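Only one structure is covered here, and it is reproduced in the block below.
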Amino acid sequence: MRTLLALLVALLIAFGLVWFLAGRAAGPAIRLGAPTKVLGQRTPLTLDVYAPGGRVTAIDVGLEQNGQPLPLGSQAQPQALKFATAADRVTVSGEIGRQTAPALKTGAATLVVHATRPVLFGLRQVSSTFRKDLQVRLTPPTVTVLSQFHFINQGGAETVVYQVNPADVDSGVRVGELEYPGLPAAGAGIPNAAPGLRVAFFPFLFNQPPSTPVSMWARDEAGNATRADLDSKVNPKQFRKSTIPLDDVFLQKVVPAILQNTPDLQVKDASDLLASYLVINRDLRHQNNETIRTIGRTKTAREILWRGPFRQMMNSAVEAGFADERTYEYKGKAVDKQVHLGFDLASTQNAPIHAANRGTVVFAGFLGIYGNCVIVDHGMGLQSLYAHLSSIGVQEGQTVEMNAELGRSGQTGLAGGDHLHFTMVLHGEFVTPVDWWSSQWIEDRVMRKLRAAGVPAPTPAATK
């Protein structure tokens, strides 16, 4: 009897110890994706609740403001939230804010997430609580255009100076469905600029109809957004059409070299030169342009690096223009159509290629149809591109002054002869170089607006 009693006591002590230790186990890990700072009318919520096997007993999501709880949803009563169970977590998503918590007011609030998971074979629960302080914003930001006379060439660029409030929101110009960012005016050389003063350089694509709407936009992290009209006029342009004859000699010259330098490009039969050429001219062209677009959007300084008008290649003849529509013919039959998004400039063979303006080299290497290629960033989204080079004399990250030698002209890529393919890129989109070559255009479309906003010098100076 005593042995049985002792055994029972030992079991009770052991169970108590296990019960105690189980209660000290960690609760579910809660990781918030969004929001991180502000909350608005309808702000996306994403969070993950981690537990072994995704076994979570309960999740409750809510807000607290001025001591008052504002429930948003739970696993038992999801309301506007979604709960998705995976192998090791439960993902919570949805929109939260004034629309889901009508009592929410402008000011401080706290997001509160409470989660529990089972331990000890489900005999006990452990919990954890996550809290995140947020700022509630229920009013959309405002945008006020300050510059005047916005005349845009189809396929070209334009400048706008504007004020956004509050100053910490994203903003810029929308052309059709495409958005381009504005940047702090200090980067354009405006001293003592107000916190919300912005300058935006933006493109109007060659294939966008002149009737495409142009407007301003601003959006805060809470999802509050606003739109404002931009008084502007688009000058329509007529672009050339041309025919490019293909022959076996040309195909034998360009196709194997490009395939050799682009091992990831998939073609069915490399010996079928025409079929391989069409893959290069269509698919690789698209891939290369996407690379240029990514570089233009991600590798640009937040200040102007250029000074004055850009310089065209010296003593060069124009062999092809911007946005020429090309029909490619093989043995008298049309086999492809593409648009030529730059200028072909020819001088002497193996001619030195100079930087059109001051900037930083952000790409120097082989780029498919463009062959050996250099891209120079001039800041605030503006870049220049130099293609078909026989050799490259600069490296990525190198600062170059106007007229610095970048390399030598050649016929790499899809070039039929020795020349320079030159173009301008704005926020990753191709724009005609003609505007940027023109001192009159620079004065009217850029400098006059910047001086009106406070730029003291006749040309933009880099912010160091």
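Coordinate-derived values only; no laboratory data. Everything quoted here is computed from the prediction, not taken from an experiment. Here the Cβ is made from the backbone with ideal geometry for all residues, glycine too, and neighbour counts use every protein chain on show.
When peptides 375-383, 57-65 are sorted by average Cβ neighbour count within 10 Å, with the highest value leading, the order is 375-383, 57-65. Rounded to the nearest 10 degrees, the angle from helix 248-261 to the longest Cα principal axis of the chain is 30 degrees. Restricting the calculation to Cα atoms, the chain yields a radius of gyration followed by a Dmax of 30.3, 112 Å. Using all C-alpha to C-alpha distances in region 195-311, build P(r) with 10 Å bins and read off the rounded percent in each one. Final binned percentages: 9, 23, 28, 22, 15, 4, 0.
In loop segments of region 110-203 as defined by DSSP, the GluC sites (Glu not before Pro) with at most 15 further C-beta atoms inside 10 Å of their C-beta are GLU177.
Determine the sum of side-chain charges near SER242: Lys and Arg each +1, Asp and Glu each -1, restricted to other residues whose C-beta is under 15 angstrom from that of SER242. After counting each charged neighbour, the total is -2. Based only on Cα atoms, what mean projected area does the convex hull of region 313-384 have, in nm²? For region 313-384, averaging the hull's shadow over all directions gives 6.5 nm². Restricting to Cα pairs below 8 Å that are 6+ residues apart, what does the relative contact order work out to for the chain? Please round to a whole percent. The normalised contact order for the chain reaches 13 percent. By the beta-carbon count within 10 Å of each Cβ, the least crowded to most crowded order of HIS150, HIS388, fewest first, is HIS150, HIS388. Dividing the mean sequence gap of close Cα pairs (under 8 Å, 6+ apart) by how many residues region 82-147 holds gives a relative contact order of 26 percent. Given in Å, the Rg to one decimal and the Dmax to the nearest whole number for the Cα atoms of region 241-431 are 16.3, 50.
Ordered by the number of other Cβ atoms lying within 10 Å of each residue's own Cβ, fewest first, VAL249, VAL38 fall into the sequence VAL249, VAL38.
For the chain, the longest principal axis of the Cα atoms and the long axis of helix 285-298 meet at an angle of about 70 degrees. Note down the relative contact order for region 25-136 as a percent, whole number, built from C-alpha pairs under 8 angstrom at least six residues apart. Rounded, it is 34 percent for region 25-136. Rounded to the nearest 10 degrees, the angle from helix 2-23 to the longest Cα principal axis of the chain is 30 degrees. Remark: for residue pairs LYS233/LYS299; LYS253/LYS333; LYS268/LYS333, the C-alpha separation exceeds 24 Å in LYS233/LYS299. Net charge in the neighbourhood of GLY393 (other residues with Cβ under 12 Å of its Cβ; Lys, Arg +1, Asp, Glu -1) is 0.
A protection proxy built from the mean count of other Cβ atoms within 10 Å ranks the segments 270-282, 79-91, most packed first, as 270-282, 79-91.
Of all lysines in the structure, the ones whose alpha carbon falls short of 16 Å from that of LYS37, not counting any fewer than 8 places away in one chain, are LYS105, LYS132.
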